[in-house]
Amino acid sequence: NAGVMQNPRHLVRRRGQEARLRCSPMKGHSHVYWYRQLPEEGLKFMVYLQKENIIDESGMPKERFSAEFPKEGPSILRIQQVVRGDSAAYFCASSPARDLGAFFGQGTRLTVV
Amino acid sequence: DQQVKQNSPSLSVQEGRISILNCDYTNSMFDYFLWYKKYPAEGPTFLISISSIKDKNEDGRFTVFLNKSAKHLSLHIVPSQPGDSAVYFCAARYSGGGADGLTFGKGTHLIIQP
């Protein structure tokens, strides 16, 4: 009964490269949330997706960031042309329905050098 | 503007005593509140939640109290154990429209001393 799986756990990218973060929700969960945690900060909501649909992306930066949750496969958070300020821990959470509690993955720590 | 505030970055409590973690919020639309526990290099783990129609919820050693008029909630852990040492995040959301995600505080680092 695997939990929410995120990979990679650690990702190092040079400025200007692309970062792809993957999240496989818990079995039976069709709702995925992405959060970002900057150093010394709480988690900040980025985007909420259901299969093949972005429901709420009010927390996503307008440029360079995109997310998808295809019919098959994991949810992907994509950051193009990364900058130093993108260095953070990115957490994915999944839930079986919109109003139920979400379970978090272990996070991907992105470091931009 | 920070809608969920945890004003104590850290808290030190002796093993066996009560730990009280506090959280204040400013958005009166919030109607559901959660506490998460986080160890280093791991994701947050759900602890306990409370709906705005209640003022108390208890689960084993953990009790959450909600004071809506003061826009304040607290998490009580009794008795405190060494494994409780972690960062505790308060989170809130509202159900009617708006953002679907949780709004988190910055966390309180709880240290249980033997």
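The values are calculated or read from the model by the stated rules, or taken from the named source; none is laboratory data. Nothing here was measured: the structure is a model prediction, and the numbers come from that model. Note that we place each Cβ from the backbone using ideal geometry, even for glycine, and neighbour counts take in every protein chain shown.
Got a sec? Which of B:Ser74, B:Ser80 is crowded, with 20+ Cβ neighbours inside 10 Å and more than 14 Å from chain A (Cβ to nearest Cβ)? Before you say what the answer is, go through the steps one by one.
Numbers: B:Ser74 fails: crowded, with 20+ Cβ neighbours inside 10 Å.
The unique qualifying residue is B:Ser80.
For a quick check of your reading of the model, give me the residue pairs whose first member lies in the stretch B:55-77 and is of a type in the set (S, T, N, Q), whose second is in a loop (DSSP other than H, G, I, E, B), with beta-carbon atoms closer than 8 Å and at least 6 apart or on different chains.
B:Thr63/B:Val78; B:Asn67/B:Asp55
How many residues does the stretch A:40-54 contain that are in contact with a strand residue (DSSP E or B) (Cβ under 8 Å, 6 or more places away or on another chain), within 7 Å of chain B (Cβ to nearest Cβ) and either part of a loop (DSSP other than H, G, I, E, B) or more than 25 Å from B:Trp35 (Cβ to Cβ) (or both)?
Final tally of qualifying residues: 1.
A:Ala97 - would you say it is surrounded by fewer than 18 Cβ atoms within 10 Å (Cβ to Cβ), touching a residue at least 24 places away in the same chain (Cβ under 8 Å), of a type in the set (Gly, Ala, Ser) and within 14 Å of chain B (Cβ to nearest Cβ)? Before you say what the answer is, go through the steps one by one.
On the way: surrounded by fewer than 18 Cβ atoms within 10 Å (Cβ to Cβ): yes; touching a residue at least 24 places away in the same chain (Cβ under 8 Å): yes; of a type in the set (Gly, Ala, Ser): yes; within 14 Å of chain B (Cβ to nearest Cβ): yes.
Answer is yes for this residue.
Scan the stretch B:97-114 for residues that are within 11 Å of another protein chain (Cβ to nearest Cβ), in a loop (DSSP other than H, G, I, E, B) and over 10 Å from the mean Cα position of the chain (by Cα) and jot them down.
Matches in the stretch B:97-114: B:Gly97, B:Gly98, B:Ala99, B:Asp100, B:Gly101, B:Leu102, B:Lys106.
In the stretch A:79-113, what residues are under 17 Å from the mean Cα position of the chain (by Cα), outside any loop (DSSP other than H, G, I, E, B) and farther than 22 Å from B:Pro44 by Cα?
The answer is A:Ile79, A:Gly85, A:Val112.
Is it the case that some residue within the stretch A:24-33 is modelled with pLDDT of 95 or more, more than 20 Å from B:Leu102 (Cβ to Cβ) and of a type outside the set (Val, Ile, Thr)?
Yes - at least one qualifying residue is present in the stretch A:24-33.
For the stretch A:59-78, which residues satisfy the criterion of being part of a loop (DSSP other than H, G, I, E, B), surrounded by 15 or more Cβ atoms within 10 Å (Cβ to Cβ) and of a type in the set (Gly, Ala, Ser)?
Taking the stretch A:59-78 and keeping what is part of a loop (DSSP other than H, G, I, E, B), we get A:59-64, A:69-74.
Filter once more, keeping what is surrounded by 15 or more Cβ atoms within 10 Å (Cβ to Cβ): A:59-60, A:64, A:69, A:74.
Once the filter is applied, which keeps residues that are part of a loop (DSSP other than H, G, I, E, B), surrounded by 15 or more Cβ atoms within 10 Å (Cβ to Cβ) and of a type in the set (Gly, Ala, Ser), the stretch A:59-78 yields only A:Gly59.
State which residue is surrounded by the fewest Cβ atoms within 10 Å (Cβ to Cβ) when the search covers only the stretch B:1-20 and only residues that are farther than 12 Å from B:Lys106 by Cβ and touching a Leu at 6+ places or on another chain (Cβ under 9 Å).
Filtering first and then ranking leaves B:Ser12.
Could you count how many residues in the stretch B:33-54 are facing chain A (nearest Cβ under 8 Å) and either in contact (Cβ under 8 Å) with a residue 24 or more places away in the chain or within 26 Å of B:Ser69 (Cα to Cα) (or both)?
We begin by selecting, within the stretch B:33-54, every residue facing chain A (nearest Cβ under 8 Å); these are B:34, B:36, B:41-46, B:49.
Those still in the list that are either in contact (Cβ under 8 Å) with a residue 24 or more places away in the chain or within 26 Å of B:Ser69 (Cα to Cα) (or both) too: B:34, B:36, B:44, B:46, B:49.
Qualifying residue count, the stretch B:33-54: 5.
Do you know which residues across the stretch A:55-68 are within 14 Å of another protein chain (Cβ to nearest Cβ) and among the acidic types (Asp, Glu)?
Taking the stretch A:55-68 as the starting set, the residues that turn out to be within 14 Å of another protein chain (Cβ to nearest Cβ) are A:55-60, A:67.
A:Asp56, A:Glu57, listed by residue number.
Restricting to the stretch A:25-34, and then to whatever is in contact (Cβ under 8 Å) with a residue 60 or more places away in the chain and not in a loop (DSSP other than H, G, I, E, B), can you tell me which residue is nearest to the other protein chains (Cβ to nearest Cβ)? First the steps, then the outcome.
At the first step, the residues of the stretch A:25-34 found to be in contact (Cβ under 8 Å) with a residue 60 or more places away in the chain are A:25-26, A:28-33.
Applying the additional criterion that residues be not in a loop (DSSP other than H, G, I, E, B) yields A:31-33.
Details: A:His31: 9, A:Val32: 11, A:Tyr33: 6 Å.
Per the stated criteria, the residue is A:Tyr33.
Residue-by-condition table, conditions (1) touching a Leu at 6+ places or on another chain (Cβ under 8 Å); (2) within 20 Å of B:Lys38 (Cβ to Cβ); (3) hydrophobic (A, V, I, L, M, F, W, C):
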position: A:Pro25; (1), (2), (3): no, yes, no
position: A:Lys71; (1), (2), (3): no, no, no
position: A:Ile76; (1), (2), (3): yes, no, yes
position: A:Ala88; (1), (2), (3): yes, yes, yes
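Within the stretch A:7-24, count every residue that is part of a loop (DSSP other than H, G, I, E, B) and more than 18 Å from A:Ser66 (Cα to Cα). Don't jump to the end; show me each part of the working.
So the first thing to find is which residues in the stretch A:7-24 are part of a loop (DSSP other than H, G, I, E, B), and the list is A:8-9, A:14-18.
Okay, now just the ones that are also more than 18 Å from A:Ser66 (Cα to Cα), so A:9, A:14.
Going through the stretch A:7-24 one residue at a time, the tally reaches 2.
Would you point out the residue of the stretch B:27-78, among those that are among the polar types (S, T, N, Q) and modelled with pLDDT of 95 or more, that is farthest from A:Gln6 (Cα to Cα)?
Of the residues in the stretch B:27-78, the ones among the polar types (S, T, N, Q) are B:27-28, B:45, B:49, B:51-52, B:57, B:63, B:67, B:69, B:74.
Applying the additional criterion that residues be modelled with pLDDT of 95 or more yields B:57, B:63, B:67, B:69, B:74.
On the way: B:Asn57: 31, B:Thr63: 31, B:Asn67: 36, B:Ser69: 39, B:Ser74: 31 Å.
In this case the residue turns out to be B:Ser69.
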